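Chemist: Let me give you the structure first, and then I'll get to my questions.
Readers should treat all values here as calculations from the given coordinates under stated rules, not as data from a laboratory. Since the model is a prediction, treat every value here as computed from it, not as a measurement. Methodologically, a virtual Cβ is constructed for each residue, glycine included, from the backbone with ideal geometry; neighbour enumeration extends over all protein chains shown.
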Amino acid sequence: MSLPEIPDIPAHCLALFDRLSAYVDGELKGDERRELEDHLQNCPKCRVCLTTLSQSVRICKRVGTRPVPENLSRKLMELASTASQNPGQA
């Protein structure tokens with residue numbers, strides 16, 4: 001995911017932002033991981049982003065998944081079907 005230019009956030013922070021999710025998931029290895037960790041030591045804005053993302057992931061894992069009630073599922077499918085048959089009217 002590419003982010004638009006955001007005021008007060010340097011371009012190198014935005015470039016590293018794309019890797020935060022992989023970092024939280026333990027998917028960054030070697031030089032990429034070290035580069036991000038070095039940056040995080042010196043960048044409070046990126047540390048806040050990392051903390052927020054980590055907390056969001058923990059909350060989502062704790063909540064888990066629940067089945068969608070059959071009547072809601074059926075209604076959503078009907079709405080999706082109607083919307084696909086009548087594009088531009090949604």
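Chemist: Under 12 Å from the Cβ of Glu32, count the other residues' Cβ atoms, weight Lys and Arg +1, Asp and Glu -1, and hand me the total.
Modeler: Local net charge: -2.
Chemist: Moving on to the next point. Taking the dipole about the Cα centre of the chain, with the C-beta of Lys and Arg at +1 and of Asp and Glu at -1, give me whichever of Gly64, Cys43, Tyr23 is farthest to the positive side.
Modeler: Positive-end residue among those listed: Gly64.
Chemist: Show that you can apply the helix-only estimate: for the chain, add -39,500 (n - 2.57) for every DSSP H stretch of four or more residues, divide by all residues, and state [θ] at 222 nm to the nearest 500. Kindly include the intermediate steps, with their values, before the conclusion.
Modeler: On the way: 5 runs with 61 residues, N = 90.
That calculation yields -21000 deg cm²/dmol at 222 nm.
Chemist: Here is a follow-up. Relative to the present Cα-Cα distance, how much length would full extension add between Asn42 and Asp18 at 0.36 nm per residue of separation?
Modeler: Here the segment from Asn42 to Asp18 would lengthen by 6.9 nm.
Chemist: Take peptides 14-20, 71-77, 43-49 and line them up by average Cβ neighbours within 10 Å, highest first, as a rough protection proxy. Intermediate results must be reported in sequence, preceding the final value.
Modeler: Working: 14-20: 16.0, 71-77: 10.1, 43-49: 14.0.
Put in order of decreasing packing, that is 14-20, 43-49, 71-77.
Chemist: Let me ask something else. Would you kindly compute the Cα radius of gyration of the chain and its largest Cα-Cα separation (Dmax), both in Å?
Modeler: Cα radius of gyration and Dmax of the chain are 19.5, 52 Å respectively.
Chemist: Take each complete run of DSSP H in the chain, measure how far its Cα atoms stretch along the helix's own axis, and keep only those covering 24 Å or more with mean Kyte-Doolittle hydropathy at least 0.0; list them.
Modeler: Result, helices passing both filters: 44-63.
Chemist: Can you list the lysines whose alpha carbon is less than 26 Å from that of Lys45, not counting same-chain residues fewer than 8 positions off?
Modeler: Lys29, Lys61
Chemist: In sequence order, what are the phi-derived ³J(HN,Hα) couplings for region 18-23 according to the Karplus relation 6.51 cos²θ - 1.76 cosθ + 1.60 with θ = phi - 60°, rounded to whole Hz, with x for glycine and proline?
Modeler: My calculation for region 18-23 gives 4, 9, 4, 4, 4, 5 Hz in order.
Chemist: What dipole magnitude, in Debye to the nearest 20, does the chain give about its Cα centre under +1 on Lys/Arg Cβ and -1 on Asp/Glu Cβ? Spell out each step's value before the answer.
Modeler: Numbers: 12 positive and 12 negative charges, 109 e Å.
For the chain, the charge dipole is close to 520 debye.
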